[in-house]
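Quick notes on the structure that follows.
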């Protein structure tokens, strides 16, 4: 099997709970024993591996997806979605429940996400089929899955595969990512994640430049509605997000990252890749769900 890109990360069911936000305490706070009414409840398929796989497939790339799901109805829904989006499932199915996220969302404020990873952190290298790919895209996993990501990257990098990496804050805090960072071609973080990674490795000075010293060839840092920066060791690039009405932010980071990486795969200049990432991210946050409005724009 040969692919343009294979994503590796989580597959979960996202349940969005539209609820009240306490402005005084800057939190979602509920009294123990109380019964809380919610304004709305919706579900959709999420997770970094599936979100980005759909984005890459819609850009016209032959795409595979490595994730682990349960043998339940939710897992079946994940498989049906991947098939519909013309994505090859390269993961595995195990007895038990598929991962699930509860997203407390007050619309105009930030979200709080409660995540049950399910079997997503238990992917072993022996479970993966043999395949070739030009690119790997990694989102956050832990335990066996993280070890498998590292082994797979080491193996495929020797064959010319390139790696894009989008680690989360909890992964950066919990794990020493030095080995994967040395294998990374594109590192994409938000500003908070970048600052934590910089501090953890005792780096100082410019964020993009100091993080590039850890191994990545291109470093990209987002900051919500502020300037997005990219640095390739030669030149620093930036782009300013547009002022748009935000409906729901879940999946925005995955969408931007996939758009940027897709631009690089399609041999676009970094500035053009930033524009594509921004266009993809802004398309998603205008609507509910992490995948519903991903662009259908053939780059290949």
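The values are calculated or read from the model by the stated rules, or taken from the named source; none is laboratory data. All values derive from a computational prediction rather than experimental measurement. Cβ placement follows ideal geometry from the backbone for every residue including glycine, while neighbour counts extend to all protein chains displayed.
Structure notes:
- Scanning region 80-97 for residues that are closer than 12 Å to residue 64 by Cα and without any contact (Cβ under 8 Å) to a residue 12 or more places away in the chain gives a single hit, 83.
- Helices (runs of 4 or more DSSP H) contained entirely in region 127-220, each with at least 3 residues that are over 16 Å from the mean Cα position of the chain (by Cα): 143-157, 178-183, 191-200, 207-212
- Selection status of residue 63, within 28 Å of residue 189 (Cα to Cα), buried (at least 20 other Cβ atoms within 10 Å of the Cβ), under 16 Å from the mean Cα position of the chain (by Cα) and touching a residue at least 60 places away in the same chain (Cβ under 8 Å): yes
- Region 66-98, residues that are over 16 Å from the mean Cα position of the chain (by Cα), assigned to a strand (DSSP E or B) and closer than 21 Å to residue 15 by Cβ: 69, 70
- Residue identified as buried (at least 16 other Cβ atoms within 10 Å of the Cβ) and in contact with a strand residue (DSSP E or B) (Cβ under 6 Å, 6 or more places away or on another chain) among 128, 90, 146: 90
- Members of region 230-250 found to be under 8 Å from residue 285 (Cα atoms) and in contact with a strand residue (DSSP E or B) (Cβ under 7 Å, 6 or more places away or on another chain), listed by number: 248, 249, 250
- Hey, residue 42 part of a helix (DSSP H, G or I) and farther than 13 Å from residue 12 by Cα or not: no
- Residue under evaluation residue 276, criteria (1) touching a helix residue (DSSP H, G or I) at 6+ places or on another chain (Cβ under 7 Å); (2) at pLDDT 85 or above; (3) within 20 Å of residue 191 (Cβ to Cβ), criterion not met: (3)
- Within region 231-259, residues that are within 22 Å of residue 165 (Cβ to Cβ) sit with their Cβ atoms under 6 Å from residues that are assigned to a loop (DSSP other than H, G, I, E, B), at 6+ positions apart or across chains, in these pairs: 238/227; 250/290; 251/290.
- Residue 101 being assigned to a strand (DSSP E or B), buried (at least 17 other Cβ atoms within 10 Å of the Cβ) and within 18 Å of the chain's Cα centre (by Cα): yes
- Residues satisfying the stated conditions in region 266-290, i.e. in contact (Cβ under 8 Å) with a residue 60 or more places away in the chain and surrounded by 23 or more Cβ atoms within 10 Å (Cβ to Cβ): 280, 290
- Pairs linking a residue in region 25-49 that is at positive phi to a residue that is at pLDDT 75 or above and in a loop (DSSP other than H, G, I, E, B), with Cβ atoms under 9 Å and 6 or more positions apart or on different chains, are 47/9; 47/10; 47/11; 47/67.
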